[in-house]
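Here the structure comes first, spelled out in structure tokens, and everything after it is commentary.
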Amino acid sequence: MIQQVFKIIPRNRDLHPTKELWVGESYESREAKIIEANGTRPHANMKYVREVTFEIKKNTTLSDLRNLAVAIKEECVIECFQISINRQKNVAHLLFDWYDYNEHQCFYLYESYQMAMSAMIISKLRLPFPQKLNTKWLRYFLTREYKDNNAIYQQLLEELKHKKLTKKAYHLLRQMTEYIEDICESSAR
């Protein structure tokens, strides 16, 4: 299911030039930075530069993708240094440095990070949710909404106050919302 949101492939060159392209650094420059930090050239099986691709809406801009890249760096240490948009297919291509300069090793994207990153991509760019949203996914989307706006569940309760609900239904929804908020708060840490 994770592959439905984004794909990750190793890359050993710059992104293909398109009309919508942002280059913060060349591949060669980034590779030299990794070699300097690592003290040696990476082993053949260690892919420190990887391309992340995913479908986007027609109105998604380079600025939107750059903001997403900043958010990904804040949560996952990987740094985006090139972005391109293929408008024929509405696909974003982001080139990331997967070297963790603090730990001096390649960042490993565990399944939980993949799901959190998927939720971040979908939430930040307001993309459609996966077709089959199971409870495992739901946790990441609810937590993402909470991280982006920790008052969202209280705002939801305020909106529900003005709906024609029975006292019992409102009380139950309030308890559910508070429970979700508690779970999201602990997951966001």
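Where a number appears in this text, it was derived from the coordinates with a stated rule and is not lab data. Here the structure is a predicted model, which means the values were calculated and not measured. Positions of Cβ are generated from backbone atoms using ideal geometry, with glycine treated the same way; all protein chains shown enter the neighbour counts.
Each 10 Å bin from 0 upward holds the following percent of the Cα-Cα pairs of the range 27-116: 16, 45, 30, 9, 0.
Do the alpha carbons of any pairs in K19/K89; K19/K124; K19/K73 sit beyond 21 Å of each other, and which pairs? Mind showing how you got there, number by number?
Details: K19/K89 13 Å; K19/K124 23 Å; K19/K73 25 Å.
K19/K124; K19/K73, as the Cα separations exceed 21 Å there.
Once the cut-off is 14 Å, how many percent of the Cα-Cα pairs in the range 21-78 end up in the long-distance tail?
Details: 1142 of 1653 pairs.
Of all Cα-Cα distances in the range 21-78, 69 percent exceed 14 Å.
Close amide H partners of V49, meaning residues 5 or more places away or on another chain with modelled amide H under 5 Å apart, are R11, W98. Among residues other than E111 with Cβ under 13 Å from its Cβ, the summed charge is +2 (Lys and Arg +1, Asp and Glu -1).
Three semi-axes describe the equivalent ellipsoid of the range 70-137; taken as square roots of 5 times the Cα gyration tensor eigenvalues and ordered largest first, they are 23, 18, 9 Å. In percent, rounded to a whole number, the relative contact order of the range 92-150 is 27, using alpha-carbon pairs under 8 Å and six or more apart. Its alpha carbons considered, the range 89-189 gives a radius of gyration followed by a Dmax of 17.5, 57 Å. Rounded to the nearest 10 degrees, the inclination of helix 111-125 to the longest alpha-carbon principal axis of the chain is 80 degrees. The ellipsoid equivalent to the alpha-carbon distribution of the chain has semi-axes of 37, 19, 13 angstrom, derived from the gyration tensor eigenvalues as √(5λ) and listed largest first. Rounded to the nearest 10 degrees, the inclination of helix 62-76 to the longest alpha-carbon principal axis of the chain is 90 degrees.
A Cβ-based charge dipole, computed about the Cα centre of the range 117-189 with Lys and Arg at +1 and Asp and Glu at -1, lands at about 280 debye.
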